[in-house]
Structures are given as structure tokens and as C-alpha cells.
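**Student:** Here's a structure for you.
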Amino acid sequence: MFQVKNMEDKQRQQLGGNSDWMSRLPEELLDVPLWNFALPGRSHDSMSFCLDVSSPVLGSEPGLLRLTDRFFPCCTRRCVNRWATTQQSVLSHQCDLGIRFFDLRIARKPKGGRKLFFAHGIYTLITVKEALDELSVWLDAHPKEVVIVCCSHFESLTDEDHADLVKFIISLFGRKLCPSQETPSMRSCWSRSQQLVVSYDNQQVAPQHPELWDGIPYWYADSSDPEKVIAYLEEQKSRGRPAGFYVCGLNLTEDAPYVFLHPLQDMRKMTMKALSLLLHWTGEQRPGPEGGGVNVVCCDFVGDSRFCSLVIGLNYKLAARPPASSSDAAGCFHSNRPDISHPA
């Protein structure tokens, strides 16, 4: 572990910090497809730092929880907030930490008018447009950084909501958007001023817009046990990785019995207890097109650990070998994939 830590510190110094780490990658990595990089990501809804305890529990939550919320809203929503809060900083600060993948779960809030919010158990205070505006400003200030945004869930959205949201995304980001027909590398993105990959996990909407990508596969163990999470990820890796972007989720998930047996805990305490084991597994990974190569690695509470620097440092394992030929890069392409799952 000390060796990993020292290597990580050296790599971070070479990068000059994490806010612009992609712009400082070695020359031999600039033509590598982005799905062959190791990219730090935030899981369990990247906007869960601003949950609104005055909002109701989502309609998609279990019936017993919704019933409890109806009769005991104050207690129920405080409990949900404790376990649904998985991040602690605004989106631009997450980008400064080095995060380049965001899990955005979009929802229409009851009695919220036409505004769209994010949701994880309950709804957020910040609207979708406010968050995307913040991201656009950050991208303007960091023109050589590329971010992936995964929009999913779409709780209670209508066809009109989808149309308005896609129109807003295309209008706001414009030429920054990387079309789904391309094989993005750092060099190709820089040459076209592209900075954003938008995955839109709706099979009716995404194919209608070349600016949008299909949903991205998310390997998710659905367990509160870090050993089971690692075992699940290793089993998935043994079967071979997807051709394009994909996510390894290090995020833990509690169920009702776990919450009942740990009344003094919350999501942060559960994550911190398991973090050492999860980070050790992360440090042993390698990106690239091989069957065991990782791409996006997601974790909760990334600001409380060295997670981002550790994942970024994995890319230097790619630099230690000859870069893939142009034919190899062309062989890894974006495609529609029906077997997509997202964490709860």
C-alpha cells in the first residue's frame, strides 16, 4: 500500500493537480479511445449532496416506505436522507477533484411545475438546468477536459419533458457534445473542441439524436459487503468487458434489514468502513481493451479519500506499453446494448 501511495503522489505531482489531469496525459495516450482510459466517477446519483428533506419519497420506492412517509414524513425523510446522501460537494468541485463521470438520475418532483430535479430516495433542491449550467461554466474554464454524463431513471418524466430536456442539453453544450458515431480520444476531442459525452438511458429518445449516446453498462453488485462487491466485479471481468464505455461500481447498498440493525450508521459511515478494501482493489486494476481492463470506476464520497488520484494514476500503466495501433482503436466501437443496469 505504501508503494501505491508513493506512486500515486508522484503521478499527481506530474499531473499538477486533478482539475486538468486529462490535459497533462502523456503524448502516447492521446489517441487511445476514452473507453480504454481509467476514469474516476461518482455513483449513486452525483447530485445527492443536496437532497430536499421536505420532498416526498419517490413513487418508485417500495410501498411500505411510501406508506411510512405518508404517516411519519419527518422521521422517514430524515432516515432516507441519511442513507441516500452519497456525495458531499457541488458538481464543479467534483470536477476539480478529477471526477469525469457523473451519474445523474432525473425526476419530475410532484407539484414542482415544469422544472426537473434529481432524485435518490427523495428529490434534490437543485434543478437539472442549474446543475448543467454549472457544468457548462466549468467546461469553459477547462477546455481540454472531457466529461461523461449519464442521464437515467427519468422518474415521472413525460414525452414533453424528454423533448425539452434534450433540446436544452443540445442548445447549452452545442459543439462541446461528442456525437455517438465517433470514437473519442483526447486528441480527436481537442481537435473538434468536444468536451462532453451525454449518455441518455432511454431507448426511445437516444436513437433520435446523434448527439446522445445509449445507456452505459453499470456493473453493480447491490450489496453492503465490500468483499461481495469485489467478488462480483471480478466475476464480471472474467467474462470480458463491453466494447465501449462501461462502469465498475464500488458503491455499497443497504437494505431494510441492514438499516434496522445499524441505527446509528449512515451511508458515509458504511462506505468509510469498507473504503480501504475497495481502494486496494482499485489500485490493482489496469485500464485498456483487454478482458479485465477497467474503464469508469465509481465510488461514493470520493472527496473523503484518495480515490480520484488512484484511478487517474492507473492510466500510467497504459503509458508503460506501446500504444494501440489505429486498427486496434478502430476495432473498439460504440454500439447499442440492451443489457444495461443501474444501481438503485
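The values are calculated or read from the model by the stated rules, or taken from the named source; none is laboratory data. This is a predicted model, so every value here is computed, not measured. Virtual Cβ from ideal backbone geometry, glycine too; neighbours counted across all protein chains shown. Heads up: the accessible areas ignore ligands, DNA and RNA and are worked out on the full protein's heavy atoms, side chains in. Shrake-Rupley method; radii C 1.70, N 1.55, O 1.52, S 1.80 Å.
**Student:** Looking only at the range 251-274, decide whether some residue is within 20 Å of Gly313 (Cα to Cα) and hydrophobic (A, V, I, L, M, F, W, C).
**Tutor:** Scanning the range 251-274, I find no residue that is within 20 Å of Gly313 (Cα to Cα) and hydrophobic (A, V, I, L, M, F, W, C), so the answer is no.
Residue-wise test of (1) free of Cβ contacts under 8 Å to residues at least 60 places away in the same chain; (2) open to solvent by less than 50 Å² (accessible area, probe 1.4 Å).
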site	(1), (2)
Tyr218	no, yes
Thr253	no, yes
Tyr258	yes, yes
Met272	yes, no
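**Student:** In the set Val32, Val4, which member is farther than 19 Å from Asp266 by Cα, of a type outside the set (D, E, K, R) and modelled with pLDDT under 90?
**Tutor:** The unique qualifying residue is Val4.
**Student:** So which residues in the range 24-60 are on the phi > 0 side of the Ramachandran plot and either among the charged types (D, E, K, R) or open to solvent by 10 Å² or more (accessible area, probe 1.4 Å) (or both)?
**Tutor:** The initial filter retains those residues of the range 24-60 that are on the phi > 0 side of the Ramachandran plot, namely 44-45.
Answer for the range 24-60, where residues must be on the phi > 0 side of the Ramachandran plot and either among the charged types (D, E, K, R) or open to solvent by 10 Å² or more (accessible area, probe 1.4 Å) (or both): just Asp45.
**Student:** Something else about it: Which residue, of Cys308, Cys248, Cys299, is in contact (Cβ under 8 Å) with a residue 12 or more places away in the chain and either on the phi > 0 side of the Ramachandran plot or out of contact with any Phe, Trp or Tyr (no Cβ under 6 Å at 6 or more places or on another chain) (or both)?
**Tutor:** On the way: Cys248 fails: either on the phi > 0 side of the Ramachandran plot or out of contact with any Phe, Trp or Tyr (no Cβ under 6 Å at 6 or more places or on another chain) (or both); Cys299 fails: either on the phi > 0 side of the Ramachandran plot or out of contact with any Phe, Trp or Tyr (no Cβ under 6 Å at 6 or more places or on another chain) (or both).
Criteria check complete, one pass: Cys308.
**Student:** Check Lys129, Lys111, Lys144 and return the single one that is more than 19 Å from Val197 (Cβ to Cβ), among the charged types (D, E, K, R), open to solvent by 40 Å² or more (accessible area, probe 1.4 Å) and touching a helix residue (DSSP H, G or I) at 6+ places or on another chain (Cβ under 9 Å).
**Tutor:** Working: Lys111 fails: touching a helix residue (DSSP H, G or I) at 6+ places or on another chain (Cβ under 9 Å); Lys144 fails: more than 19 Å from Val197 (Cβ to Cβ).
Of the residues listed, the single one that is more than 19 Å from Val197 (Cβ to Cβ), among the charged types (D, E, K, R), open to solvent by 40 Å² or more (accessible area, probe 1.4 Å) and touching a helix residue (DSSP H, G or I) at 6+ places or on another chain (Cβ under 9 Å) is Lys129.
**Student:** While we're on this one: Identify all residues within the range 89-99 that are modelled with pLDDT of 90 or more and of a type in the set (Ser, Thr, Tyr); write none if there are none.
**Tutor:** Ser92
**Student:** Here's a follow-up. What tally of residues in the range 136-150 results from selecting those that are among the acidic types (Asp, Glu) and either within 23 Å of Val247 (Cβ to Cβ) or under 17 Å from the mean Cα position of the chain (by Cα) (or both)? Talk me through it step by step, then tell me what you get.
**Tutor:** First, the residues of the range 136-150 that are among the acidic types (Asp, Glu): 140, 145.
From what's left, either within 23 Å of Val247 (Cβ to Cβ) or under 17 Å from the mean Cα position of the chain (by Cα) (or both): 145.
The total comes to 1.
**Student:** When you scan the range 103-139, how many residues do you find that are of a type in the set (Val, Ile, Thr), farther than 23 Å from Arg268 by Cα and in a strand (DSSP E or B)? Give the steps one after another, and end with the answer.
**Tutor:** To start, the set of residues in the range 103-139 that are of a type in the set (Val, Ile, Thr) comprises 106, 122, 124, 126-128, 137.
Next, only the ones that are farther than 23 Å from Arg268 by Cα stay: 127-128, 137.
If we keep only those that are in a strand (DSSP E or B) as well, we get 127.
Residues that pass the stated criteria total 1.
**Student:** Suppose the filter is touching a Phe, Trp or Tyr at 6+ places or on another chain (Cβ under 8 Å), closer than 27 Å to Thr282 by Cα and open to solvent by 30 Å² or more (accessible area, probe 1.4 Å); does Tyr232 pass it? Even if it seems obvious, please write down each step before you answer.
**Tutor:** Details: touching a Phe, Trp or Tyr at 6+ places or on another chain (Cβ under 8 Å): yes; closer than 27 Å to Thr282 by Cα: yes; open to solvent by 30 Å² or more (accessible area, probe 1.4 Å): yes.
Criteria met by Tyr232.
**Student:** Looking at the range 159-200, which of its residues are open to solvent by less than 30 Å² (accessible area, probe 1.4 Å) and over 21 Å from the mean Cα position of the chain (by Cα)?
**Tutor:** The answer is Asp161, Ser188.
**Student:** Mind listing just one residue for me: the one in the range 61-88 that is of a type in the set (Ser, Thr, Tyr) and modelled with pLDDT under 85 and, of those, most open to solvent (accessible area, probe 1.4 Å)?
**Tutor:** Of the range 61-88, the ones of a type in the set (Ser, Thr, Tyr) are 68, 76, 85-86.
So of that shortlist, the ones also modelled with pLDDT under 85 come out as 85-86.
Values: Thr85: 31, Thr86: 0 Å².
Once the filter is applied, the top-ranked residue is Thr85.
**Student:** Could you tell me whether Ser156 is open to solvent by 30 Å² or more (accessible area, probe 1.4 Å) and touching a strand residue (DSSP E or B) at 6+ places or on another chain (Cβ under 6 Å)? It would help to see each step written out before you state the result.
**Tutor:** On the way: open to solvent by 30 Å² or more (accessible area, probe 1.4 Å): yes; touching a strand residue (DSSP E or B) at 6+ places or on another chain (Cβ under 6 Å): yes.
Taking the combined requirement at face value, the residue satisfies it.
**Student:** Checking Asp20 against (1) over 26 Å from Glu182 (Cα atoms); (2) at pLDDT 90 or above; (3) in contact with a Lys or Arg (Cβ under 9 Å, 6 or more places away or on another chain), only one condition comes out false. Which one?
**Tutor:** Against the list (1) over 26 Å from Glu182 (Cα atoms); (2) at pLDDT 90 or above; (3) in contact with a Lys or Arg (Cβ under 9 Å, 6 or more places away or on another chain), Asp20 comes up short only on (1).
**Student:** Follow-up question, since we're still on this one. Does the range 221-237 contain at least one residue that is of a type in the set (Gly, Ala, Ser), closer than 20 Å to Thr85 by Cα and in contact (Cβ under 8 Å) with a residue 60 or more places away in the chain?
**Tutor:** Here is the first cut: in the range 221-237, the ones of a type in the set (Gly, Ala, Ser) are 221, 223-224, 231.
Of the ones still in play, those that are also closer than 20 Å to Thr85 by Cα are 221, 223-224.
Checking the rest, the ones that are also in contact (Cβ under 8 Å) with a residue 60 or more places away in the chain come to none.
No: the range 221-237 contains no residue that is of a type in the set (Gly, Ala, Ser), closer than 20 Å to Thr85 by Cα and in contact (Cβ under 8 Å) with a residue 60 or more places away in the chain.
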